[in-house]
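To start, the structure under review is shown below, and the notes come after it.
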Amino acid sequence: MDDITVYAYADGPLGEMLLTGQVSTGGRAVLRSLSLPGQKGAVAVGDGWVRDQAAFAGVAGQLEEYFAGRRERFDVPVAADAGTAFQRRVWAALEEIPYGTTVSYGEIGRRVGAGGPGVRAVGTAIGRNPLLVVRPCHRVIGADGSLRGYAAGPERKRSLLDLEGALA
């Protein structure tokens, strides 16, 4: 039974989070997505998926630590095959944004070699980030400081940035 799609739920201050991924015969859980209630493009549990809270206990524990202010970075196995090559470059740039800081979409564009008109593509790639919270797309804001472009809504983006002290 290789690569069974599994899912679990984790409670948090932003609502009940849906964690999905695979567990291979080796027993290792790999996170494929983290969705929030009402999120644009949220993953829905599919036919044949297996609920397995234990598979994501480590992820759930790290999320709990993050929301309690005791964790600044996540260390969980994530699916390496998700997204296009360009999206993976953008998502890697997101993972380099330090806790408690923000950067503009234009800055991410410069980091991945897609400045100027390519910034729109950067925004699209960020919007398709399947790992909300874990991969910190909430740390990307408009050049004017506006909180736009978060699939789970600007209120949740503000909550995450407030938690990190990034909006002081």
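The values are calculated or read from the model by the stated rules, or taken from the named source; none is laboratory data. Keep in mind it's a predicted model, so treat the numbers as computed, not measured. Heads up, the Cβs are rebuilt from the backbone with ideal geometry, glycines too, and the neighbour counts pull from every protein chain shown. Ligands, DNA and RNA are stripped out before the accessible areas are found, and what is left, the full protein with its side chains, is counted by its heavy atoms. Shrake-Rupley method; radii C 1.70, N 1.55, O 1.52, S 1.80 Å.
Sequence-distant contacts, meaning Cα pairs under 8 Å at least 6 residues apart, place the relative contact order of the stretch 11-145 at 24 percent. Think of each Lys and Arg Cβ as +1 and each Asp and Glu Cβ as -1; about the Cα centre, that makes the dipole of the chain roughly 580 debye. Over the chain, dividing the summed -39,500 (n - 2.57) contributions of all DSSP H runs of at least 4 residues by the number of residues returns a 222 nm mean residue ellipticity of -8500 deg cm²/dmol. FRET efficiency for the pair Ser146 and Ala121, taken as 1/(1 + (r/R0)^6) with r the Cβ-Cβ distance and R0 = 25 Å, rounds to 0.80.
Each of Arg158 and Thr5 was given a label point 7 Å from its Cα along the Cα-to-Cβ line. The distance between the two points is 3.5 nm. Using a/c under 1.5 as the rounded threshold, could you call the stretch 68-111 rounded, prolate or oblate? The axes a ≥ b ≥ c are square roots of the C-alpha gyration tensor eigenvalues, and prolate needs a/b larger than b/c, oblate otherwise. Note, shape of the stretch 68-111 comes out oblate. Glu65 contributes an accessible area of around 60 Å² to the protein surface, as traced by a 1.4 Å probe with all chains present. Toward the positive end of the charge dipole of the chain, with +1 on the Cβ of Lys and Arg and -1 on the Cβ of Asp and Glu, the farthest Cα among Gly106, Val6, Gly48 is that of Gly106.
Each listed q (0.19, 0.20 Å⁻¹) maps to a log10 I(q)/I(0) for the chain, found by the Debye formula over equal Cα scatterers with no solvent: -1.27, -1.38.
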